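Data first, discussion second: the structure below is written as structure tokens.
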Amino acid sequence: MDHDTSFTNQTFKTVGTRVNRPDGVDKVTGRARYGADATAPGQLVGLFLRSPHAHAKITKLDVSKAEKIKGVKAVITSADLPDRFGGKGGQYDTLVNCMARDRVLYDGHAVAAVAAIDHATARKALKAIKVSYEVLPHVTDVDEAMAPGAPVVNENVFTSGMDPRPTKPSNVSRISTFGHGDVDVGFAEADVIIEKSFKTEQTHQGYIEPHACLASVGPDGSADLWVTTQGHFTFRTMCSALLGMDMAKLKVTSSEIGGGFGGKTHVWVEPIALALSRKANRPVKVVMTRDEVFRATGPTCSTSMDIKIGAKRDGTITAAQSILRYQNGAFPATWAMMGAMTSFACYDLKNCKSVGYDVLCNRPKVAAYRAPSAPMAAFGVESVVDMVAAEIGMDPVEFRIKNAAKEGTRASYGPTYGPIGIGPTLEAVKNHPHMKAPLGPNQGRGMACGFWFNFGGQTCVDINIGTDGTINLTLGTVDVGGARASMSLICAEELGIPYEQVKANVADTSTLGHNDTTEGSRGTFSSGMATIFAAREAITELKSRAAKMWGIPVEAVEWSEGSATAVGDEHSNLADLSLAEIAAASPGTGGPIAGHNEVVADGAGVSFASHICDVEVDPETGGTKVLRYTVVQDAGKAIHPDYVEGQFQGGAAQGIGWALNEEYIYGDDGRLQNAGFLDYRIPVCSDLPFIDTEILEIPNPNHPYGIRGVGETSIVPPLAAIGNAVSNAAGVRMDHVPMSPPRILKALDDAGQ
Amino acid sequence: MKVSLSGVLRAAAGGAEDIEIEATTIRDLMDRLLDRYPAMQEHVADGGIAVSIDGQIYRDTLGQPIPEGAEVFLLPRLAGG
Amino acid sequence: MSSVHVSTTINGDPVEFACPADESLLDSLRDRVGLTGSKEGCGTGDCGACSITLNGRLVCSCLVLGAEANGQEIGTVEGLHANGELHPLQQQFINNAALQCGICTPGFLVAAKALLDRNPDPDEEEIRYALAGNLCRCTGYDKIVRAVQAAAKQMRK
């Protein structure tokens with residue numbers, strides 16, 4: 001990087017204040033436009049035909065009747081989507097996932113798509129498509145998929161990470177091992193060893209807005225895609241590759257996004273919408289139904305794991321081991337590998353070992369879900385940590401403090417940590433009033449900590465100064481939850497002007513250089529960095545213009561509090577020039593004033609959180625009520641505290657739903673039974689209390705403002721915090737997420753209560 | 001300098017946990033690594049390799065210099081959600 | 001499928017449109033009248049993103065037929081602000097950061113207004129249960145409840 005990204009420990013005037021967000025009015029009045037809110041003249045309705053089988057060969061696919069129906073303008077099957085990837089690799093998998101080729105791999109896998117003049121005609125076309133299947137044996141459970149004799153999901157997948165390379169295909173696509181030291185030696189030194197197995201069921205990110213797009217391809221191959229996405233540049237890359245289009249000819253505009261959490265970082269229907277539009281020569285609008293979203297987008301993994309931790313009576317952990325089995329859906333991926341990396345990341349361990357098995361199943365292709373893979377491993381590990389602490393007779397917070405990772409600790413995934421916040425979050429939990437609140441009958445308290453990586457990535461920002469001194473701040477990172485406010489605060493801070501003078505907007509792909517997807521908690525960190533440097537470039541230009549206006553050397557000009565000041569006694573007669581004054585004069589001093597920055601923000605650091613929760617378990621119904629919840633997390637620097645709190649609360653709420661109620665339920669026929677919000681039960685307003693938050697600010701040394709990513713980490717501790725709380729309330733150790741009423745009742749029954 | 005390899009990458013380096021290799025930047029390191037261990041190509045193609053320098057993880061910055069005496073770790077490239 | 005002619009009142013204005021007999025009111029509002037503020041999150045009445053009022057009563061417009069709007073009074077999120085001024089609920093949602101992605105916000109505003117219209121001084125539990133038919137995935141509901149409390153207090157003055 002050309003700029004110095006070190007933390008400068010400055011005092012802020014604007015950053016850190018709780019301003020109103022610039023996109024607020026549009027969102028509360030219904031004016032804001034999301035994926036399904038765009039229309040184009042002559043647009044067609046796009047609908048999909050999807051497999052009703054978990055695993056089958058397509059023996060016949062005849063669309064000829066459908067194509068002839070009046071009002072049907074295009075029908076797409078895999079025959080219209082040539083394989084440009086030699087039949088293998090990530091992009092090939094994406095192509096197959098978007099539209100099945102010779103076989104269907106999960107219930108809901110797309111088989112064909114139609115574009116017609118209205119819904120009724122499109123539905124008629126779907127009915128007229130003749131498709132025959134030869135049903136194949138399927139497997140949907142991760143452990144069953146690993147058992148000998150399990151149906152093979154993909155004959156071309158051989159287990160990676162084995163030496164020598166195997167010759168028979170397997171549902172295990174990869175085995176990954178992390179760790180250091182010798183766990184056998186460590187366990188031999190332990191006074192107490194706890195070993196337990198856990199399972200977590202599959203969940204979905206559950207964004208309220210279904211995937212939707214409006215695709216418009218012209219006869220010359222130029223295309224427009226309006227789409228709800230976390231990364232419009234990434235979508236441009238993916239779609240142009242899949243369809244063989246020039247990247248620059250495909251303009252992707254990000255609509256407002258109605259939730260993503262990782263599920264909108266990949267393409268599902270978008271390439272097909274473009275293919276339909278290209279064939280029909282008319283715009284095609286595709287809006288997924290909620291049923292399709294559950295069946296045919298990217299939920300997270302279901303898992304099965306074995307955790308073993310040993311410790312001395314004085315509380316020192318001597319060895320820790322996690323064996324993780326994660327199902328990735330019907331395509332190879334590395335989610336278990338990530339779980340193995342994060343398993344013991346909170347702790348300072350001499351001996352640790354994590355093994356991840358990535359497994360294929362006849363389920364949809366897994367996508368990232370907010371700190372992907374970490375919450376499940378944390379459920380197992382943090383539950384066993386509590387069990388070990390209880391066995392030794394040590395307070396669970398003290399036990400964690402004693403073993404917490406710190407600067408200089410060798411992380412369980414390899415590298416040595418720089419300054420990190422796990423210790424401070426645990427100390428904050430220890431001293432929090434929540435820990436001293438009294439508990440009543442059937443009530444229990446649990447706490448847990450969690451870790452996640454933060455990322456940087458390609459980012460660029462444009463700052464353009466209008467002649468009235470107001471600022472257009474152009475971003476390329478999709479705003480998922482308040483970034484326009486935060487970036488405006490940063491821009492205003494750097495320029496020394498009021499927040500209200502800055503107007504932020506998210507540009508389309510033809511207006512700005514590539515920006516990576518908004519994921520990995522990178523938005524504020526990366527865009528913030530680029531905004532700072534773009535603003536500083538603008539200031540350089542502003543000073544140069546002021547120098548021109550005064551006729552003095554530019555070395556004699558300083559910038560402070562939104563104005564140029566002439567320094568030196570010989571210039572003491574010159575009144576300051578405000579940004580607005582310099583801007584007004586800009587047509588005569590060299591034209592429009594702008595600042596620009598491209599940066600690959602990197603070295604983002606890592607993020608830790610600790611949660612506390614109190615629950616009450618009804619022993620008759622098995623129902624759990626969350627009474628109180630506290631999130632403590634390190635944000636480095638909270639640019640807009642309201643939105644940092646919002647991330648903490650939102651992640652916690654998703655974790656609570658995952659812990660208590662959310663799960664994909666598959667029948668013996670391999671079909672998803674609960675593809676709707678009635679039976680896939682996410683938390684509602686009456687399920688939750690107010691969620692208390694404490695923002696710690698331990699500066700990230702690699703960012704001028706000390707910013708750390710915050711968006712993901714708060715979904716990592718809740719499964720275990722709730723697990724520990726429910727276990728304490730019910731008096732039995734819970735080992736299967738979600739801890740729904742039937743599971744709690746069964747656990748109570750099994751324990752003879 | 002010593003470069004440590006995480007789990008999946010070790011197999012491509014004949015099982016070694018640590019290797020001795022000289023490099024001044026990440027790009028330099030990647031070039032020499034692929035030269036010496038062609039099997040690494042699979043991981044580079046798969047989605048890439050991330051480099052941790054003194055605990056900071058770099059995913060994209062090929063030009064990032066590697067200081068003398070830095071702790072260097074190669075990890076699989078990661079993504080968030 | 002034959003087309004039905006609908007004459008209705010939306011946010012106080014007379015509106016006419018034609019729609020298929022099996023079309024939902026949500027789709028009619030969005031596709032025929034151009035009022036895209038009401039959102040489809042599920043199409044089955046489980047998420048509340050399509051909340052509107054039908055003759056002052058809170059309903060999911062995905063569970064009402066466009067044809068049923070004939071002769072009735074419809075209230076949508078677009079009708080909340082009047083004379084260029086935001087409704088206190090809208091202003092408090094902004095002030096309290098009660099929205100992140102904002103997709104559920106129109107539904108919450110309509111539902112919250114329906115609550116405050118009949119109960120100007122609800123306690124926390126009453127607010128939570130009145131809004132239990134509106135799903136939010138971003139906020140954990142904390143700041144939404146605070147915003148409704150703040151609006152209720154402001155409106156009682």
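The values are calculated or read from the model by the stated rules, or taken from the named source; none is laboratory data. Fair warning: this is a prediction, and the values are worked out from it, not measured in the lab. We place every Cβ from the backbone using ideal geometry, glycine too, and count neighbours over all the protein chains shown.
Residue A:493 passes every criterion in (1) farther than 25 Å from residue A:255 by Cα; (2) part of a loop (DSSP other than H, G, I, E, B); (3) touching a residue at least 60 places away in the same chain (Cβ under 8 Å) apart from (2).
Determine whether the stretch A:515-534 contains at least one residue that is touching a helix residue (DSSP H, G or I) at 6+ places or on another chain (Cβ under 7 Å), in contact (Cβ under 8 Å) with a residue 24 or more places away in the chain and surrounded by fewer than 19 Cβ atoms within 10 Å (Cβ to Cβ). Looking through the stretch A:515-534, none of the residues is touching a helix residue (DSSP H, G or I) at 6+ places or on another chain (Cβ under 7 Å), in contact (Cβ under 8 Å) with a residue 24 or more places away in the chain and surrounded by fewer than 19 Cβ atoms within 10 Å (Cβ to Cβ).
Selection of the stretch A:55-83 for residues being over 30 Å from residue A:152 (Cβ atoms) and either assigned to a helix (DSSP H, G or I) or of a type in the set (A, V, I, L, M, F, W, C) (or both) yields A:64, A:65, A:66, A:67, A:68, A:69, A:72, A:74, A:75. Please work out which residue is surrounded by the fewest Cβ atoms within 10 Å (Cβ to Cβ), limiting yourself to the stretch A:267-288 and to residues that are in contact with a Gly (Cβ under 6 Å, 6 or more places away or on another chain) and not in a strand (DSSP E or B). Residue satisfying both the conditions and the ranking: A:282.
Please go through the stretch A:88-111 and give me each residue that is at positive phi and either in contact (Cβ under 8 Å) with a residue 60 or more places away in the chain or not in a loop (DSSP other than H, G, I, E, B) (or both), ordered by number. Residue satisfying the conditions is A:108 alone.
Every residue, every condition in (1) touching an Asp or Glu at 6+ places or on another chain (Cβ under 8 Å); (2) of a type in the set (Asp, Glu); (3) closer than 30 Å to residue A:452 by Cα, yes or no:
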{"residue": "A:547", "(1), (2), (3)": "no, no, no"}
{"residue": "A:555", "(1), (2), (3)": "no, yes, no"}
{"residue": "A:563", "(1), (2), (3)": "yes, no, no"}
{"residue": "A:578", "(1), (2), (3)": "no, no, no"}
{"residue": "A:584", "(1), (2), (3)": "yes, no, no"}
{"residue": "A:598", "(1), (2), (3)": "no, yes, yes"}
{"residue": "A:604", "(1), (2), (3)": "no, no, yes"}
{"residue": "A:611", "(1), (2), (3)": "no, no, yes"}
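Residue pairs whose Cβ atoms lie under 6 Å apart, separated by 6 or more positions or on different chains, with the first residue in the stretch A:585-606 and at positive phi and the second of a type outside the set (Phe, Trp, Tyr), are A:603/A:702; A:603/B:56; A:605/A:454; A:605/A:700; A:605/A:708. Filter the stretch C:128-144 down to residues that are surrounded by fewer than 24 Cβ atoms within 10 Å (Cβ to Cβ), part of a helix (DSSP H, G or I) and either more than 10 Å from chain A (Cβ to nearest Cβ) or of a type in the set (A, V, I, L, M, F, W, C) (or both), then give me how many there are. Result for the stretch C:128-144: 1. Could you say whether any residue in the stretch A:48-64 is within 14 Å of another protein chain (Cβ to nearest Cβ) and surrounded by fewer than 23 Cβ atoms within 10 Å (Cβ to Cβ)? For the stretch A:48-64, residues within 14 Å of another protein chain (Cβ to nearest Cβ) and surrounded by fewer than 23 Cβ atoms within 10 Å (Cβ to Cβ): absent.
Across the stretch A:307-324, a minimum of one residue is classified as assigned to a strand (DSSP E or B), without any contact (Cβ under 8 Å) to a residue 40 or more places away in the chain and closer than 30 Å to residue A:521 by Cβ. From the residues in the stretch A:296-306 that are part of a strand (DSSP E or B) and not polar (S, T, N, Q), which one is surrounded by the most Cβ atoms within 10 Å (Cβ to Cβ)? Result: A:305. Within the stretch A:386-397, identify whether any single residue is within 14 Å of chain B (Cβ to nearest Cβ) and either touching a residue at least 40 places away in the same chain (Cβ under 8 Å) or part of a loop (DSSP other than H, G, I, E, B) (or both), and answer yes or no. Checking the stretch A:386-397: not a single residue is within 14 Å of chain B (Cβ to nearest Cβ) and either touching a residue at least 40 places away in the same chain (Cβ under 8 Å) or part of a loop (DSSP other than H, G, I, E, B) (or both). With surrounded by 24 or more Cβ atoms within 10 Å (Cβ to Cβ), more than 14 Å from chain B (Cβ to nearest Cβ), of a type outside the set (Val, Ile, Thr) and closer than 30 Å to residue A:269 by Cβ as the only criterion, which of A:375, A:364 stands out? Sole residue among the options that is surrounded by 24 or more Cβ atoms within 10 Å (Cβ to Cβ), more than 14 Å from chain B (Cβ to nearest Cβ), of a type outside the set (Val, Ile, Thr) and closer than 30 Å to residue A:269 by Cβ: A:364. Taken together, the residues in the stretch A:238-254 that are in a helix (DSSP H, G or I) and surrounded by fewer than 19 Cβ atoms within 10 Å (Cβ to Cβ) amount to 4.
Of the numbered criteria (1) outside any helix (DSSP H, G or I); (2) modelled with pLDDT under 95, the one residue A:233 fails is (1).
Taking the numbered list (1) within 12 Å of chain C (Cβ to nearest Cβ); (2) part of a helix (DSSP H, G or I) in turn, residue A:680 passes all entries but (2).
May I ask you to say which residue of C:92, C:100 is within 10 Å of another protein chain (Cβ to nearest Cβ), over 12 Å from the mean Cα position of the chain (by Cα) and in a helix (DSSP H, G or I)?
C:92
Residues in the stretch C:62-83 that are within 11 Å of chain A (Cβ to nearest Cβ) and part of a loop (DSSP other than H, G, I, E, B): C:76, C:80, C:81. The single residue among A:394, A:376 that is closer than 20 Å to residue A:613 by Cα, modelled with pLDDT of 95 or more and more than 21 Å from the chain's Cα centre (by Cα) turns out to be A:394. Can you go through A:576, A:569, A:618 and tell me which one is surrounded by fewer than 24 Cβ atoms within 10 Å (Cβ to Cβ) and assigned by TED's automatic domain parsing to the domain that holds residue A:742? On inspection, the qualifying residue turns out to be A:618.
Just checking, how many residues over the stretch B:15-46 are more than 18 Å from residue A:356 (Cα to Cα) and at the interface with chain A (Cβ under 9 Å from one of its Cβ atoms)? Selection size over the stretch B:15-46: 2. The lone criterion from (1) in a helix (DSSP H, G or I); (2) under 30 Å from residue A:366 (Cβ atoms); (3) over 12 Å from the mean Cα position of the chain (by Cα) left unmet by residue B:8 is number (3).
Evaluating residue A:43 against the criteria (1) in contact with a Ser or Thr (Cβ under 9 Å, 6 or more places away or on another chain); (2) within 9 Å of chain C (Cβ to nearest Cβ) leaves one unmet condition, (2). When each of C:111, C:150 is tested for being in contact (Cβ under 8 Å) with a residue 40 or more places away in the chain and more than 11 Å from chain A (Cβ to nearest Cβ), the lone residue that passes is C:150.
So that you can scan it fast, the table gives a plain yes or no per residue for (1) not hydrophobic (A, V, I, L, M, F, W, C); (2) not assigned by TED's automatic domain parsing to the domain that holds residue A:125:
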position	(1), (2)
A:8	yes, yes
A:13	yes, yes
A:17	yes, yes
A:26	yes, yes
A:29	yes, yes
A:45	no, no
A:53	yes, no
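Residue count for the stretch A:583-621 under the criterion of being more than 14 Å from chain B (Cβ to nearest Cβ) and of a type in the set (Gly, Ala, Ser): the result is 11. The residues of the stretch A:401-446 that are outside any loop (DSSP other than H, G, I, E, B), touching a strand residue (DSSP E or B) at 6+ places or on another chain (Cβ under 6 Å) and under 30 Å from residue B:6 (Cβ atoms), listed by number, are A:403, A:410, A:416, A:422, A:423, A:424, A:425, A:426. Out of the residues in the stretch A:134-179 meeting the condition of being within 14 Å of chain B (Cβ to nearest Cβ) and over 29 Å from the mean Cα position of the chain (by Cα), tell me which one is modelled with the highest pLDDT. The extreme case among them is A:166.
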